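Here is the structure we will look at, set down as structure tokens.
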Amino acid sequence: MLLASVTRTGRFVRMSSAPHGSFEPVAGAKIPLAGMVTRGDGVGRRFTSLDWVVEEFRAKLGFVPHPGTLNLHMSGPRWRAARQSLAAAPGIAITSPAGFCGARCFRIRLAGRIDGALVLPDVADYPSHKFEIVAPVPVRATLGLGDGDRVTLQLDLTRSTVPLRVGASLDARTASRAQIAWLVRGEQS
């Protein structure tokens with residue numbers, strides 16, 4: 001089955017020739033949210049640069065994460081409801097070697113332009129207001145975001161291991177960061 005989700009700019013596409021049943025929908029699968037950009041503590045940059053993490057993201061989310069995460073502060077009744085849905089949803093498991101914590105990921109679309117993933121580390125005291133986003137591009141630079149800016153996103157609770165496609169035929173699992181950045185900037189060949 002072939003599925004595609006094209007952004008307004010036509011640059012990011014999700015496609016799959018996976019058999020029917022690769023997607024396991026969850027009730028209320030797409031949730032619009034907004035959060036405030038906040039400064040991180042550097043842990044996300046170290047985490048997303050580990051070899052095993054890069055391979056897990058490439059294999060399970062379909063892209064190599066740009067080093068670091070975009071941190072959002074989330075609040076309000078819509079976020080509290082989404083948080084309950086996240087707790088009940090399986091997500092995409094990022095399995096870790098001994099000595100590291102794993103995580104669950106959920107696909108997101110940020111500002112209607114960038115496909116990425118919410119990362120929820122398997123840590124008992126992880127703050128309930130913290131929302132960490134990984135993407136194949138530098139999100140702050142691409143969207144021109146600074147601390148305190150409000151950004152909208154759509155959280156997708158549908159479980160999917162379908163690779164993220166960049167452009168019409170570039171598989172983000174094998175594309176270089178330079179190729180992805182080239183497509184995001186919209187340069188013509």
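The values are calculated or read from the model by the stated rules, or taken from the named source; none is laboratory data. Computed from a predicted model, the values in this text were never measured in an experiment. Here the Cβ positions follow ideal geometry from the backbone for every residue, glycine too, while neighbour counts run over all protein chains shown. For accessibility, only protein heavy atoms count, side chains too; no ligands or nucleic acids. Shrake-Rupley method; radii C 1.70, N 1.55, O 1.52, S 1.80 Å.
Values computed for the structure shown
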item	result
Exposure rank, largest accessible area first [Glu132, Glu55; 1.4 Å]	Glu55, Glu132
Distance (nanometres) between label positions extended 7 Å along Cα→Cβ at Arg78 and Leu50	3.3
For Arg39, net neighbour charge (Lys/Arg +1, Asp/Glu -1) across residues whose Cβ lies under 15 Å away	-1
Shape of the range 56-166, Cα gyration tensor, a/c cut at 1.5	rounded
Efficiency of FRET from Cβ geometry, Asp147 and Arg113, R₀ 22 Å, rounded to 0.05	0.65
Amide hydrogen neighbours beyond the local backbone of Leu157, cut-off 5 Å, H modeled	Lys30, Ile31
Segment Arg39-Thr95, length gained on full extension (0.36 nm per residue, minus Cα span)	17.5 nm
Contour minus Cα-Cα distance for Ala29 and Ala124 (0.36 nm per residue)	31.7 nm
Three-way shape call for the range 36-97 based on the alpha-carbon gyration tensor, with the a/c threshold at 1.5	oblate
